[in-house]
Structure formats: structure tokens, C-alpha cells
Amino acid sequence: MNKNRKFDFNGKLWLFITVFILVIAVIVGIFAAQVVDKNSVSRAEGADVSDVVQDDLGFDENTIEWNGVTYTQNKELKNILLLGIDKSAQEIESTDLGKEPGGRADAIAVLVMNPKNKTIQVLEISRDTITDIDIYGEDDVYLYSTPQQIALQYSVTNSMRRGNWLMKNNISELLYGVPLHGTAALTMDGISKIVDAAGGITLELKEDYTHIDPDFKKGKTITMNGEQAYRYIRYRDTNVTGSNDHRIQRHIQVLRALTDKVHSIDDATLNVVNKVAQPYLESDVDAQTLNELSQYEFLDTIEILPGETREGENHDEYYIDENALRELVIKIFYQPAE
């Protein structure tokens, strides 16, 4: 894959968002994670992101001192949050939050759009990342915050629109207050349908995955249909610590295959994919941003939020390397002060 490839969808802007979310959409879990009050953290209701990030890290919305250099936040960037959700919209909306969690954000990525050079940097965030998630009671009244997997922030509501908003705030806080200018989410029930509408995806298997599908042999080049692609990106052995890290590598591989595929299919097929995808999307990305997205180029390197996976009591937990994260945030979202 070339380092920079331009995608021209001739106005089919929702398709661009659809395909990208599809590629990163990871359906997790055999066990339903529960939101529980575990080591809950006191937090003032109504506190915004800037209240959190202006602590000993030295960040604020304008400047940061790091290794003797002053950096300013690049305000020209436009940052879009992409989410893959593990339930259908109908399941989320009918959830009784008193008995079970709503949908979970099992795939999380940020598109960083740079208008200066017309490129898109992808930043991927593990769904197992441990951070403070906000818990709400009746009428969405804030109750407390508690350390949990970040995927669970989506599960405290039965509204996709509000779930997007909650994740947007949480991810912005995790990135030391970097603004997110829009959110797009795809639900799990659309994945196989969208892949089939695109005509499948072709890739070379880097490892043996015959435990997922007998045809998934190491070294084999295979064209996957929607059901196969769904299982390939979904599979995770929850008994193995770090299994989500391996799954991230699989959906990065699928990303590379699908971007090539989407670039090559004809307008008629693009229209079909777009039509199939729409019922499974919830987004507040504005039309101008969508138009810009269709004209930008993807950088080849996908950044992953730095940290390490540890075995938790009931599930894997991914802990952020704060120093490495600061450097990454400065690298992507800041520039040396003039």
C-alpha cells in the first residue's frame, strides 16, 4: 500500500465514514462486562475537560512545555472519533440500564485531519484502556466516576447519540483535552452486510487462524465474505491475556485491505455500500468535514495509544504509559511555538 493514497468518492461521503468504521469495528467478548462501583473516584459534577488536564502534566488548551521546548496546540487540525459498537441500535434503545449495560464501544479510533498537507493520521485506542468513566442515574444525573475499561463509557446510556457524546468527552479527556470535532459510530449488526455489499475483502493471513475458520491458514491469500470478515475481526480468546492486542493487529490488516478495495470498486457498488451502511450509523459529523474527508490522504502509519496489557480480575486491562502518551499527543496534536 502506498504511503499516501487519495480517495475520491464523488460525493458519496457517508461511504467514507462507513468503510473506515467497518474496518476498525471489533466485536468483543463472550462475557458481558458490568459497570460496578469499584474504587470509585470523587469528581465534581459539571467539571469539564480543561479542569482535568491542567494538573501536573502541564497541558492546557494552548501550550505545553516539554523537554525544554514550548509547543502550541495545532488548532487547524480537525479530529473525528470513530466507534464500533457491540449491539444493534434497537438493542441499545431497549436496554434496561437497571439490569444490564447498554452497548459498548469495542473499537475506538481518532482520525486526525491536517488541512495543511491534506492528510489523515489514524490514532487507535484499545477498548480495554483503564480510565475514569462517568456513571449517571435517572434523568442522566451525574453520580460518580470509577476506573473501568473505556469501552464501558458507552454502556451507561440507552441512546446512541448520548453514547457518542459520552465517549467523545472521555476520549478528549484521555488525550489531555484535545478537542474532538465529531463522532461517527457503526453498530455490529451491519458489518457482514457492508462487507458483502463491497464484494468481500482479500488479504494474506499472517498467522494460522483455522480455529476461527478452517480456510484461515497461515500464508494463504483469501477473499473473505461478510460473515468470514465478521468472525475474523471479532474473534478474541478471553482466556489469553493481551488477546485484544492481537485482534487490533488483525483489524489494522483488514484496514489496509479494505482501503485498497474501496479505492478500486465502481460508483454503482459504492452506492450500494452506502445504502446498506446508513441504517447502522449514528453520527454528528458535519457536511463540510465529510466533504474534506473525501479529499484527504491516509498516512500509512497507524498510531496506537501507548501502554501495556495486564491480566485483570475478570478481564484484560490496558494501562496507559503516561510519558509516552504525552509525547504522542504532542507529536500529533501540537507544534513548536514560533
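Quick notes
- Of the strands (runs of 3 or more DSSP E) that lie entirely inside the range 295-338, those containing 1 or more residues that are of a type in the set (Val, Ile, Thr), open to solvent by 30 Å² or more (accessible area, probe 1.4 Å) and in contact (Cβ under 8 Å) with a residue 60 or more places away in the chain span 297-304, 307-311, 316-320.
- Selected residue (criterion: most open to solvent (accessible area, probe 1.4 Å)) from residues of the range 165-179 that are more than 17 Å from residue 97 (Cβ to Cβ) and assigned to a helix (DSSP H, G or I): 169
- Residue satisfying all of: in the range 81-95; out of contact with any helix residue (DSSP H, G or I) (no Cβ under 7 Å at 6 or more places or on another chain) and in contact (Cβ under 8 Å) with a residue 12 or more places away in the chain; surrounded by the fewest Cβ atoms within 10 Å (Cβ to Cβ) among these: 94
- The number of residues in the range 189-205 being aliphatic (A, V, I, L, M), buried (at least 23 other Cβ atoms within 10 Å of the Cβ) and part of a helix (DSSP H, G or I) comes to 3.
- Checking 184, 197 one by one, the residue that is within 20 Å of residue 79 (Cα to Cα) and modelled with pLDDT under 90 is 184 and no other.
- Some residue of the range 75-88 being modelled with pLDDT of 95 or more, among the aliphatic types (A, V, I, L, M) and out of contact with any Gly (no Cβ under 8 Å at 6 or more places or on another chain): yes
- Residue satisfying condition, being over 21 Å from residue 329 (Cβ atoms), part of a strand (DSSP E or B) and modelled with pLDDT under 90, within set 134, 139, 106, 96: 106
- When each of 222, 212 is tested for being in a strand (DSSP E or B), of a type in the set (A, V, I, L, M) and open to solvent by 10 Å² or more (accessible area, probe 1.4 Å), the lone residue that passes is 222.
- Some residue of the range 269-277 being at pLDDT 75 or above, outside any helix (DSSP H, G or I) and either surrounded by fewer than 15 Cβ atoms within 10 Å (Cβ to Cβ) or not aliphatic (A, V, I, L, M) (or both): no
- Among the residues making up the range 115-141, those that are in contact with an Asp or Glu (Cβ under 7 Å, 6 or more places away or on another chain) and either open to solvent by 30 Å² or more (accessible area, probe 1.4 Å) or of a type in the set (S, T, N, Q) (or both) are 115, 116, 118, 119, 121, 130.
The values are calculated or read from the model by the stated rules, or taken from the named source; none is laboratory data. Just so it is clear, the structure is predicted and the values come from calculations on it, not from any experiment. Counting neighbours? That spans all protein chains shown, and the Cβs are built from the backbone with ideal geometry, glycine included. To get the accessible areas, we keep the full protein, side chains included, count just its heavy atoms, and leave off ligands, DNA and RNA. Shrake-Rupley method; radii C 1.70, N 1.55, O 1.52, S 1.80 Å.
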